[in-house]
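The values are calculated or read from the model by the stated rules, or taken from the named source; none is laboratory data. As the structure is a prediction and not an experimental result, all values here were calculated from the model. A quick note on method: Cβ atoms are made from the backbone with ideal geometry, for glycine too, and the neighbour counts reach across all protein chains shown.
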Amino acid sequence: MIPALMPTYRRTDIAFERGEGPYLYSTDGRRFLDFASGIAVTCLGHSHPALVEALIEQGRKFWHCSNIFTIPGQQEMGEKFVRDTFADTVFFGNSGSEAVELGIKMIRKYHHANGNPHKTGIVCMRGAFHGRTLATIFAGGQESHIDGFGPAVQGFRHVAFGNMNELRDAIDDETGGILFEPIQGEGGYRPAPDGFLEAVRETADEFGLLVMLDEVQCGNGRTGRLFAHEWSDMTPDIMATAKGMGGGFPVGACLATEEAAKGMTAGTHGSTYGGNPLAMAVANAVWDVLTAPGFLENVRVQGEALHAELRALVADYPEVYVEARGRGLMAGLKLADNLETRQVVDFVRERGLLTVAAGENVVRMAPPLIIGREEIDEAVALLRAAAEELMAEERDVA
Ligand SMILES: *Cc1c(COP(=O)(O)O)cnc(C)c1O
């Protein structure tokens, strides 16, 4: 018999009762250091006083009204994005998938508005993840995500992540845009090669294409800059973000330049809940913390400390950990081919550390951006213990 909850997840039986800062407490009384953050979502940890306050304060006033009314919190958040990013304009939605989906629509609409309605194609990267709506699964292109869900949403072509030759070859007269994550998330915390973002920008300009970045996971301070592309020398035309943006409250946004959004006139897009007063109260509070003086500087410092420790693990246990990757507090450890991520993820979870598996046999860590050196040391000690255990098991087998 099918369970009451549609069985689309492989869940563990741990349930949480409350959280505080970087820690979560389970209903059976255990404490977990949360280096998963609900997959890079709870960027300020759990129960951050400023976020709790913002939510309660708005909750007492009113929760929701339609987007046919003026929503001051939305205006305020939109102006912050315009002030602090490449964008001239923003649309608020509820999730990462919706933000990406709008970006896809915007690429088509842009060329339509320019009298080139045939330019509907988008070049995407292998190993990408863009969400679980019908369009975004075909943009991502993962076999396990699209199997059985055809007919395919048309127009997506995939090239090797970071490969400019393949990318240029994939462009034809019907291409309208290029979509990728500056650092692949689900794909295994894989940063694009140095210079790739700039090269994509140059090629897009040459062919009159829009560049859309998916910063749903790597954005909102995760890498030590507000958005990961700020480590490069380019700006996109369109950018989707979500995850960390609400610190755990469901909210997302699609940002764009004035030029890229030129087809988006009244009635062309909408969302019932998108940018409602509750979501905006929290998103504004998150943004104010992220942009406070010194906050991102500390993310960079802690990120460097974490990466130095992960590189030391790779040096000390090359039979277990073969590569440390990512940027800032988006950190991955790639395991040796003969190991499976769950061997490490389960081992450290049983001892009080939450991590998440990702593609390419990577254990990923996305700790809250408020962590300090002590939490890093606590996590690294458990990853070290996991390596010792796995090597002891290997010896026993041998
Ligand atoms: C999580 C994620 C999405 C999808 O976000 P949802 O909120 O689950 O719809 C899209 N792109 C990237 C890079 C993601 O990490």
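Of note:
- All positions within segment 228-260 that are surrounded by fewer than 24 Cβ atoms within 10 Å (Cβ to Cβ) and closer than 21 Å to Ala204 by Cα: Glu230, Trp231, Ser232, Asp233, Met234, Thr235, Thr257, Glu258, Glu259
- Any hit, segment 186-194, residues being within 14 Å of the ligand (Cβ to nearest atom), of a type in the set (A, V, I, L, M, F, W, C), farther than 28 Å from Leu306 by Cβ and in contact (Cβ under 8 Å) with a residue 12 or more places away in the chain: no
- Any hit, segment 152-163, residues being away from the ligand (no atom under 16 Å from the Cβ), in a loop (DSSP other than H, G, I, E, B) and among the β-branched types (Val, Ile, Thr): no
- In segment 331-360, the residue that is nearest to Ala379 (Cα to Cα) out of those that are aliphatic (A, V, I, L, M) and free of Cβ contacts under 8 Å to residues at least 60 places away in the same chain is Val348.
- Selected residue (only one of Glu309, Glu297, Glu360, Glu323 is of a type in the set (Asp, Glu) and at positive phi): Glu360
- Residue count for segment 89-116, restricted to those that are in contact with a helix residue (DSSP H, G or I) (Cβ under 8 Å, 6 or more places away or on another chain) and in a helix (DSSP H, G or I): 5
- Leu33 being touching a Pro at 6+ places or on another chain (Cβ under 9 Å), in a strand (DSSP E or B) and in contact (Cβ under 8 Å) with a residue 24 or more places away in the chain: yes
- Long-range neighbours under 7 Å by Cβ, at least six apart or interchain, first residue more than 19 Å from Phe196 (Cβ to Cβ) and touching a residue at least 60 places away in the same chain (Cβ under 8 Å) within segment 115-141, second within 10 Å of the ligand (Cβ to nearest atom) and of a type outside the set (Phe, Trp, Tyr): Gly131/Gly96; Gly131/Ser97; Gly131/Val100
- Across segment 96-127, the qualifying residues are those that are among the hydroxyl-bearing types (Ser, Thr, Tyr) and surrounded by 21 or more Cβ atoms within 10 Å (Cβ to Cβ), and the one among them that is nearest to Ala253 (Cα to Cα) is Ser97.
- Residue in segment 58-65 that is outside any helix (DSSP H, G or I), farther than 30 Å from Arg349 by Cα and not aromatic (Phe, Trp, Tyr) present: yes
- In summary, Asn94 fulfils each of the numbered conditions (1) within 16 Å of the ligand (Cβ to nearest atom); (2) free of Cβ contacts under 8 Å to residues at least 40 places away in the same chain with the single exception of condition (2).
- The residue that is farthest from the chain's Cα centre (by Cα), among those in segment 208-234 that are more than 10 Å from the ligand (Cβ to nearest atom) and part of a strand (DSSP E or B), is Leu210.
- Restricting attention to segment 235-262, the residues being of a type in the set (Gly, Ala, Ser), over 25 Å from Val299 (Cβ atoms) and in a loop (DSSP other than H, G, I, E, B) number 2.
- One residue from Ile171, Ile183 being crowded, with 16+ Cβ neighbours inside 10 Å and within 15 Å of the ligand (Cβ to nearest atom): Ile183
- Sole residue being crowded, with 17+ Cβ neighbours inside 10 Å and within 15 Å of the ligand (Cβ to nearest atom), chosen from Ala87, Ala135: Ala135
- Residue in segment 317-330 that is touching a residue at least 60 places away in the same chain (Cβ under 8 Å) and surrounded by fewer than 17 Cβ atoms within 10 Å (Cβ to Cβ) present: yes
- Condition check for Glu319: in a loop (DSSP other than H, G, I, E, B), touching a Gly at 6+ places or on another chain (Cβ under 8 Å) and in the same structural domain as Ala386 (by TED's automatic domain parsing): no
- The set of residues from segment 142-180 being free of Cβ contacts under 8 Å to residues at least 12 places away in the same chain and under 23 Å from the mean Cα position of the chain (by Cα) comprises Glu143, Ser144, Ile146, Asn163.
- Residues of segment 338-375 satisfying the condition of being in a loop (DSSP other than H, G, I, E, B) and either over 28 Å from Val289 (Cβ atoms) or hydroxyl-bearing (Ser, Thr, Tyr) (or both): Asn338, Leu339, Glu340, Arg351, Thr355, Gly359, Glu360, Asn361
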